[in-house]
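Structure record follows, encoded as structure tokens.
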Amino acid sequence: MERFPIDPYVGCLDSMAMAGGRLWFDYGCHDPYNNMASLDPSTGTVQPHHGSAGYGPLYASSSGAPDVLVAADGGEVSYDNAYAYDVSGEEPVLIGQLYGFEGQISYLNDMVLTPDGTKLITGAGGPDYLQNFAIPAFTHAGVYDTFGAPVAVAMTADGAFVAAATSLDSTVTIFAAGNPNALNSIDLPGLSEGVQDRGLAFSADSMKLFAVTGFDDSGHVVFNVVDKPVLRPSTLTLNVQPTRAPSGFPIEIRGTLTLTGGGDPSGKDIQIVRTNPDGSQVTFDVVSGSGGTFEYTDTTEVEGTNRYHASWGGDETHRGSTSPSIKVRVGPPPQVLVSVADVAFSPSIGHIDQGASARWDFEGPSTHTVTDSSALDRFDSGPQPPGAAFWVGFQAAGVYPYSCTIHPSMTGEIAVPMTATPRVGGLDTEFHLQWASTEIVGSRFVYDVQIKRPTSGSFVDWRTSEQQARGTFIADDGAGSYSFRARLRRIVTGKTSMWSKPVTISVQAVPRLFGRSIAR
């Protein structure tokens, strides 16, 4: 690296450009008439020139036209002038000029010369779009619609894409060269002042975009690096059902790949990733079909919270994308498996614990349903073909009848019992009764619990409209057998499950201590 002193030729250095084998810069601190200087890097010679570069000028050049230098007022006047020079000789020769009021460039912020040197793209406080000018005549050659005053502009080395950012905005808009409509946009982290003036540049291979934004919480500017900026965005959506399931139940995963700006989303390699509760991952490879849709059926045995997301790596025209993650809570395996076949449920009565689940496997050959027939409307599989599966979790004690709506003669029940601990005790024993695995959350359902005492021949209400899942009981009718049963009730309609099968405790007149009778 070499260092070259350029004093006393520098007053307010704002911009530099290589052209004609020399580095051009301004001096004179806003003298609009004689403020151009050049440095020959091969000799270290600094030379002032009599050409005009305007007020606080900006420079632009390109490798495709190595002897053309464009200079323009640097945004310090309401209408900025621009100048094109041939710098192949000792002194710059003016070959074209644009007066600000002709080009309507007001408060110029940034400009770039296309790689072939034939067009100048400008971004200014006005108008609210990028302008294209043919060089050296400075005739209008099109616009790029930024819908805001551009403060920064950059172009890829091959001239195929243009990037622009507007005032106080953290969004960078990408255009295909010559097309006024945006190809895609890139959202940078939102900061107070967005992209800074002249704060955009592409890497030489166009695979990265560099953007300077300001300011973070510490008052610093931020240097952003965007990979593959010229690729159009893609979007992956994902739907996973069910989001709660017992272990071993099929998880249906469906999604769609969408390509912004056109393109065929079919035939793309999609990865579906399941993250297990321990953080380990399993990947399933699928190929998108017509319209970018894809699907996969997973069966997980891992209990806990599983997460699913889909990703696509992108192609030559679109950036890759990743869908949001979807949680699936996987519980213990079902306690009862019911076969659904022509024309019966087997077993017809399934016995499970509170909080457990039942699973129905549809074996056909006809289509069937599993539909709550208690009027609680808690579950309905809808018509299911052979090979399908359906599950329901049952938190509350009760008997839950169901049927096939297509074949009404097909009926079944799921029986969920209450529990009592201990089952035998004395007159002062505190018995713990449980009629549900969870407390009621919300206002849709309540629990009803009834008791049949030793001296009564029938059940009577003990605890009604209950939201708690459990309670305690001490004998209140002397020694003998006490029976309890419970049901689930929907508040609005008053519809209920059937009563659970009774659970019975035995209360003995002789006190018991540590499970042994006390001698008298």
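The values are calculated or read from the model by the stated rules, or taken from the named source; none is laboratory data. All values reported here derive from a predicted model rather than from experimental measurement. Glycine gets a Cβ as well: all are built from the backbone with ideal geometry, and neighbour counts include every protein chain shown.
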| field | Matching option when the condition is at pLDDT below 95, among the small types (G, A, S) and over 30 Å from S373 (Cβ atoms), among S443, S517, S481 | value | S517
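If a residue counts only when it is free of Cβ contacts under 8 Å to residues at least 40 places away in the same chain, which strands (runs of 3 or more DSSP E) contained entirely in region 233-274 have at least 1 such residues?
Qualifying strands (runs of 3 or more DSSP E): 234-241, 250-259.
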| query | Which ones in region 160-181 are in a loop (DSSP other than H, G, I, E, B) and either crowded, with 16+ Cβ neighbours inside 10 Å or not polar (S, T, N, Q) (or both)? | reply | A160, S167, L168, D169, S170, A177, G178, P180
| task | Scan region 336-372 for residues that are in a loop (DSSP other than H, G, I, E, B) and either more than 26 Å from Q434 (Cβ to Cβ) or assigned by TED's automatic domain parsing to the domain that holds D298 (or both) and report the count. | result | 8
| task | Working only within region 374-389, note down all residues that are modelled with pLDDT under 95 and either among the hydroxyl-bearing types (S, T, Y) or within 11 Å of V338 (Cβ to Cβ) (or both). | result | S374, A389
| query | Which of the residues that make up region 246-262 are modelled with pLDDT of 90 or more and at positive phi? | reply | G248
| remark: In region 203-232, residues that are in a loop (DSSP other than H, G, I, E, B) and either small (G, A, S) or within 22 Å of S311 (Cα to Cα) (or both) total 10
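Looking at region 373-411, which of its residues are within 30 Å of L433 (Cα to Cα), in a strand (DSSP E or B) and out of contact with any Lys or Arg (no Cβ under 6 Å at 6 or more places or on another chain)?
Keep residues of region 373-411 that are within 30 Å of L433 (Cα to Cα), which gives 373-379, 391-402.
Restricting the remaining residues to those that are in a strand (DSSP E or B) gives 391-394, 396, 398-402.
Once the filter is applied, which keeps residues that are within 30 Å of L433 (Cα to Cα), in a strand (DSSP E or B) and out of contact with any Lys or Arg (no Cβ under 6 Å at 6 or more places or on another chain), region 373-411 yields V392, G393, F394, A396, V399, Y400, P401, Y402.
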| request: Determine whether T369 is closer than 25 Å to I251 by Cβ and touching a Cys at 6+ places or on another chain (Cβ under 8 Å). | output: yes
| Single condition A375 does not satisfy, out of (1) of a type outside the set (D, E); (2) surrounded by 15 or more Cβ atoms within 10 Å (Cβ to Cβ); (3) more than 30 Å from D264 (Cβ to Cβ) | (2)
| query | Going through region 297-329 one residue at a time, which ones are in contact with a Lys or Arg (Cβ under 8 Å, 6 or more places away or on another chain) and over 30 Å from D227 (Cα atoms)? | reply | D298, T300, G304, T305, N306, V328, R329
| So which residues in region 298-335 are modelled with pLDDT of 95 or more, part of a loop (DSSP other than H, G, I, E, B) and surrounded by fewer than 15 Cβ atoms within 10 Å (Cβ to Cβ), if there are any at all? | P324, S325
| field | Residues of region 209-227 that turn out to be surrounded by 15 or more Cβ atoms within 10 Å (Cβ to Cβ) and under 25 Å from G313 (Cα atoms), as a count | value | 5
| field | Lone unmet requirement of (1) assigned to a strand (DSSP E or B); (2) at pLDDT 95 or above for I186 | value | (2)
| message | Looking at region 277-296 only, could you name the residues that are at negative phi and surrounded by fewer than 13 Cβ atoms within 10 Å (Cβ to Cβ)? | response | D278, S280, Q281, T283, D285, V287, S290
| query | Would region 410-417 turn up any residue that is small (G, A, S) and farther than 28 Å from A344 by Cα? | reply | no
| So which residues in region 474-499 are hydroxyl-bearing (S, T, Y), exposed (fewer than 14 other Cβ atoms within 10 Å of the Cβ) and farther than 15 Å from D448 by Cβ? | S481
